[in-house]
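Just so it is clear, none of the values below were taken in a lab; they were calculated from the coordinates. Note that the structure is predicted; figures quoted are calculated from it, not measured. Neighbour counts are summed over all protein chains in view; Cβ atoms, including those assigned to glycine, are modelled from backbone coordinates with ideal geometry.
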Ligand code: ACO
């Protein structure tokens, strides 16, 4: 059977770091409040003028290098982002040009924090259908210049960064075993960026407070996120022959430490099987899963044959999971 095996991973974090203490000088917040409620201690922030492609490119390049694959071998590039460089063209096209992947098709996938899992499932479907052999999936987010720094309830949560995986069609038992995706547009309004799109474009008259304003119902989201992580994992495992007890590592979207550990506890997953890096990078939206996965790989947390579960939840609402035999 043809499977999509992850043959390389990579990440990129901008050099500049903003700690909770730095934020406490800019707004009425504290290291204690942010750490207790979210698990975040710091986040990386890109330079002025850098878009998502400037972060996604080095992450993708490292994934190609880790796999020892030439850019010319890539058939398809999927970039998962909520912060594209431009409304069009797709950020994936900019990354294609930077990498020199001349043969590759390229497009973006938008599913907020679930974006990478959606991108991975799309790539896997193309590979299993026999259409493409080598697919690059990049999660890249440039959140910091889109945040309203006057809104402490959202400004403290997000960070910039990118992660990438290279998938290759292979015969055998290793690779993506199963994916599952879900969405519920009835709750689109509980996490939404209201301005800057076609319904409400930025105008000179738009109040500063209204611009770049992410509306978030934090408590509602918290409850739904815990439920959605559980659903994503159970649905992904369904019919796979792998149980929760068989999982060796869980790499979730780094939304918030409390959300993830509450979900893991309900699933019966011990904390030592849960990989977290939110403390150092914050919530990097669609980049969060591949960034954490690359970190787990670097730390030697995965060995051949391990059962890996990736899961995410985000605006939309959207959620999903991917079961991978490493
Ligand atoms: N610093 C200090 N105080 C703050 C801050 C801040 N950054 N933000 C809000 N507060 C204040 C509020 O104004 C409020 O004050 P009040 O009691 O005087 O009214 C108080 O802290 C408590 O606010 P709550 O919103 O009730 O705080 P809560 O305990 O719910 O924590 C949080 C807020 C962290 C957002 C929580 O609801 C949460 O984790 N929700 C999940 C949302 C999430 O993770 N979003 C990430 C993006 S979504 C995703 O990735 C899927």
Principal axis extents for region 38-153, Cα atoms only, whole Å, descending order, please. 48, 28, 25
How would you rank 33, 319, going from fewest to most other Cβ atoms within 10 Å of each one's own Cβ? 33, 319
Two-decimal Rg/Rh of region 110-163 from alpha-carbon positions, Kirkwood Rh? 1.17
How long are the semi-axes of the equivalent ellipsoid of region 228-275, taking √(5λ) for every eigenvalue λ of the Cα gyration tensor, in whole Å from largest down? 17, 12, 9
Within a 10 angstrom radius of the beta carbon, how do 244, 289, 324 rank from fewest other beta carbons to most? 244, 324, 289
Can you tell which of 151, 62, 142 shows the greatest fluctuation in a Gaussian network model of the chain with Cα springs below 10 Å? 151
Just from the alpha-carbon atoms, what are the Rg and Dmax of region 139-258 in angstroms? 18.6, 59
Separation of region 14-64 and region 266-326 by C-alpha centroid, Å? 19 Å
List the equivalent ellipsoid semi-axes of region 132-194 in whole Å, largest first, each obtained as the square root of 5λ for an eigenvalue λ of the Cα gyration tensor. 34, 18, 9
Given the convex hull of the Cα atoms of the chain, what is a quarter of its surface area in nm²? 15.8 nm²
List 124, 217 from most exposed to least, where exposure is judged by having the fewest other Cβ atoms within 10 Å. 217, 124
Per Stokes-Einstein, at 4 °C and 1.567 mPa s, what whole-number D in µm² s⁻¹ belongs to region 272-326, with the Kirkwood radius over Cα pairs as the hydrodynamic radius? 106 µm²/s
Mean 1/r over all different Cα pairs, inverted: what Kirkwood radius does region 36-86 give, in Å? 13.5 Å
Across bins of 5 angstrom width beginning at 0, how are the C-alpha pair distances of region 177-325 distributed, in whole percent? 2, 9, 18, 20, 18, 12, 8, 5, 4, 2, 1, 0
Which log10 I(q)/I(0) values, to two decimals, does region 1-75 give at q = 0.19, 0.23, 0.24 Å⁻¹ under the Debye formula with one point per Cα? -0.87, -1.02, -1.06
For region 283-326: relative contact order, % (alpha-carbon pairs under 8 angstrom, 6 or more apart): 34 percent
Over the chain, what relative contact order in percent results from Cα pairs under 8 Å that are six or more residues apart? 26 percent
Taking N as its residue count, the alpha carbon Rg of region 96-204 over 2.2 N^0.38 Å: 1.33
